[in-house]
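Colleague: My questions all concern the structure below.
The values are calculated or read from the model by the stated rules, or taken from the named source; none is laboratory data. This structure is a prediction, so every number in the text was calculated from the model and none was measured. For neighbour counting, all protein chains shown are included, and Cβ atoms are generated from backbone atoms with ideal geometry for every residue, glycine included.
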Amino acid sequence: MNQADRKQLDDFFKSLQHLSANTNAAYQRDLSKLLEYCDDKSIASWVALDGRQLRGYVAWRHRQGIGGRSLQRNLSAIRAFYRYLLKHGKVTINPAEGIVTPKTPRKLPNVLDVDQAAQLVEISDKDPLAIRDKAMLELIYSSGLRLSELTGLNLSSIDFADKLVTVVGKGNKTRSLPVGKHAQKAIKDWLDLRKQFVNDDETALFVSQRGKRISQRSVQQRLKEWSIKQGLPNHVHPHMLRHSFASHMLESSGDLRAVQELLGHADISTTQVYTHLDFQHLAQVYDNSHPRARRKQGKESD
């Protein structure tokens with residue numbers, strides 16, 4: 001790559017000063033790799049780089065162990081660079097347009113099974129903070145709350161008469177969710193003790209020992225401690241409880257749209273990951289139960 005083309009890359013990096021430091025650094029890493037590839041393949045200029053060669057670059061990076069998401073970010077940086085070159089009249093086409101990266105295998109969320117979820121929330125400790133924690137965990141599992149939705153709850157968010165909790169989700173969107181009887185009782189038990197920690201002007205439903213709205217970090221830490229105390233095999237985080245709620249709801253109801261509404265997903269494709277979890281469970285049941293699936297002495301039955 002000649003000096004003029006290297007200068008164009010440097011000029012592009014300078015044009016990114018309005019972006020965050022992390023984004024800027026990512027662009028520089030990605031495009032430096034492209035420059036390395038062009039030098040290795042004796043590609044003389046940005047004009048000379050075509051779609052076929054760029055697909056070769058994607059394959060080269062993939063062989064290096066770079067996953068689909070990182071390659072998508074790679075191509076995004078290259079497209080942005082070529083848009084810059086097009087704007088300044090340095091090239092006539094954007095070779096990155098239309099190039100598809102290898103798909104990233106969908107990573108399924110970890111979930112608790114029904115018995116493990118029950119084991120986690122069956123906290124018998126009568127310490128006030130333990131009672132608060134039980135209420136938080138019951139509510140996450142009962143209603144599928146995000147961590148930010150839980151810590152953002154106010155006293156007015158709970159409607160015991162209608163058995164509902166109103167949360168503020170992503171995009172500042174509110175939704176009302178049913179609250180199960182176990183969660184209702186746990187919250188009432190906590191409310192009887194909450195006054196020990198707060199002044200009258202504190203509106204947060206869940207507060208710390210200092211009487212202020214509990215932080216997300218504190219909830220994460222307390223849940224980690226309870227998962228150990230309750231004898232669960234793995235570290236449990238709040239989103240795992242939300243995942244468990246979604247998986248168990250879908251397994252019981254089969255109603256993907258209803259689960260989407262409960263979770264507050266804008267796009268049903270986000271919710272569809274739980275159908276894969278449910279299918280795994282069904283496949284396991286089938287393998288263990290169906291006479292055509294069972295194996296005998298290492299051989300398939302007829």
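Colleague: Within the range 182-217, which residues are among the hydroxyl-bearing types (Ser, Thr, Tyr) and surrounded by 15 or more Cβ atoms within 10 Å (Cβ to Cβ)?
Modeller: Selection gives 208 alone.
Colleague: Hey, another quick one. Show the residue pairs meeting these rules: Cβ distance below 6 Å; 6+ apart or different chains; first residue within the range 240-266 and under 16 Å from residue 169 (Cβ atoms); second residue exposed (fewer than 14 other Cβ atoms within 10 Å of the Cβ).
Modeller: Hits for this filter: 260/268.
Colleague: On to the next question. Within the range 121-135, take every residue that is crowded, with 22+ Cβ neighbours inside 10 Å and touching a Lys or Arg at 6+ places or on another chain (Cβ under 8 Å) and give me the one that is farthest from residue 237 (Cα to Cα).
Modeller: 132
Colleague: Another question about this same structure. Determine if the range 96-119 includes at least one residue that is at pLDDT 90 or above and of a type in the set (Ser, Thr, Tyr).
Modeller: no
Colleague: How many residues are out of contact with any helix residue (DSSP H, G or I) (no Cβ under 9 Å at 6 or more places or on another chain) and part of a helix (DSSP H, G or I) when one looks only at the range 44-62?
Modeller: Going residue by residue through the range 44-62, those that are out of contact with any helix residue (DSSP H, G or I) (no Cβ under 9 Å at 6 or more places or on another chain) are 50-52, 55, 59.
Now drop any that are not part of a helix (DSSP H, G or I), which leaves 51-52, 55, 59.
Here the count works out to 4.
Colleague: I've got another one for you. Counting just the residues of the range 9-32 that are of a type outside the set (A, V, I, L, M) and surrounded by 18 or more Cβ atoms within 10 Å (Cβ to Cβ), which one comes out nearest to residue 83 (Cα to Cα)?
Modeller: 12
Colleague: Still on this structure, please answer the following. Hey, could you check the range 1-43 for residues that are under 19 Å from residue 91 (Cα atoms), aliphatic (A, V, I, L, M) and outside any helix (DSSP H, G or I) and say which is modelled with the highest pLDDT?
Modeller: The selected residue is 43.
Colleague: Please indicate, with yes or no, whether at least one residue in the range 245-260 is more than 19 Å from the chain's Cα centre (by Cα), at pLDDT below 75 and among the hydroxyl-bearing types (Ser, Thr, Tyr).
Modeller: Yes: the range 245-260 contains one or more residues that are more than 19 Å from the chain's Cα centre (by Cα), at pLDDT below 75 and among the hydroxyl-bearing types (Ser, Thr, Tyr).
Colleague: Select from the range 172-191 the residues that are aliphatic (A, V, I, L, M) and in a helix (DSSP H, G or I) and write down the one among them that is farthest from residue 140 (Cα to Cα).
Modeller: Among residues in the range 172-191 that are aliphatic (A, V, I, L, M) and in a helix (DSSP H, G or I), the one farthest from residue 140 (Cα to Cα) is 191.
Colleague: Also: Which residue is surrounded by the fewest Cβ atoms within 10 Å (Cβ to Cβ), if the candidates are limited to the range 41-51 and must be over 14 Å from residue 100 (Cβ atoms) and not hydrophobic (A, V, I, L, M, F, W, C)?
Modeller: Going through the range 41-51, the residues over 14 Å from residue 100 (Cβ atoms) turn out to be 41-50.
Right, trim to not hydrophobic (A, V, I, L, M, F, W, C) and you get 41-42, 45, 50.
Numbers: 41: 13, 42: 8, 45: 14, 50: 12.
Checked the range 41-51; the qualifying residue surrounded by the fewest Cβ atoms within 10 Å (Cβ to Cβ) is 42.
Colleague: What is the one condition in (1) surrounded by 19 or more Cβ atoms within 10 Å (Cβ to Cβ); (2) at pLDDT 95 or above; (3) aliphatic (A, V, I, L, M) that residue 140 does not satisfy?
Modeller: Unmet condition: (2).
Colleague: Based on what the data block shows, is residue 145 buried (at least 21 other Cβ atoms within 10 Å of the Cβ) and of a type in the set (A, V, I, L, M, F, W, C)? Break it down stepwise before answering.
Modeller: Working: buried (at least 21 other Cβ atoms within 10 Å of the Cβ): yes; of a type in the set (A, V, I, L, M, F, W, C): yes.
In short, yes.
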